[in-house]
Amino acid sequence: MAMLAELKCSVCQAGDLPLTDEEIKEFSHQVPDWHLIEEQGVLRLQRTFKFKDYPAALAFTQAVGQAAEAAGHHPALLTEWGRVTVTWWTHKIHGLHENDFIMAAKTDQLYSGDK
């Protein structure tokens, strides 16, 4: 399997199916710090990143936002003092797609620890 962070998001269509449990398990090995959560009946990937202060958290939020815009795939971002929570899922299919794991891996690359 190719490293997720090296892949590009593919166009997701409304008729595409969410990933199977087996596919999710396979992709999860490459993003071990991410947690599966379910909100409003939709499975999502979520991780909270820690920072030394608000400006560092805000800079990370901006970097994730720029990467998301470049990929055409956008997460939910919650920026707080000293932390940012990033949640990925694919709205069109009401669940997880390979794109969510790709972007989780790319998000991990943007993070360089407690800044």
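Laboratory data are not the source of any read-out in this text; all were calculated from the coordinates shown. Because the structure is a prediction, the values reported are computed rather than measured. Virtual Cβ from ideal backbone geometry, glycine too; neighbours counted across all protein chains shown.
Please rank LYS50, LYS106, fewest neighbouring Cβ atoms within 10 Å first, as an exposure proxy.
Going from sparsest to densest Cβ surroundings: LYS50, LYS106.
Just rank MET3, MET103, fewest to most, by other beta-carbon atoms within 10 angstrom.
Placing the least packed residue first, the sequence is MET3, MET103.
Quick one: what are the phi-derived ³J(HN,Hα) couplings along the stretch 90-103, Karplus 6.51/-1.76/1.60 with θ = phi - 60°, whole Hz, x for glycine and proline?
Each residue of the stretch 90-103 in turn: 10, 4, 4, 10, 6, x, 9, 10, 3, 4, 5, 6, 4, 6 Hz.
Across the chain, how many lysine pairs separated by 8 or more positions, or lying on different chains, have Cα atoms within less than 17 Å?
The result is 4.
With just the Cα atoms of the chain, tell me how far they stretch along each of the three principal axes, in Å, largest first.
Dimensions of the chain along the principal axes of its Cα atoms: 41, 31, 24 Å.
Taking the number of other C-beta atoms within 10 Å as the exposure measure, put LEU77, LEU96, LEU17 in order starting with the fewest.
Fewest-to-most ranking of LEU77, LEU96, LEU17: LEU17, LEU77, LEU96.
Which whole-angstrom value gives the distance between the alpha carbon centres of the stretch 25-63 and the stretch 75-115?
Taking the Cα centre of the stretch 75-115 as reference, the centre of the stretch 25-63 is 4 Å away.
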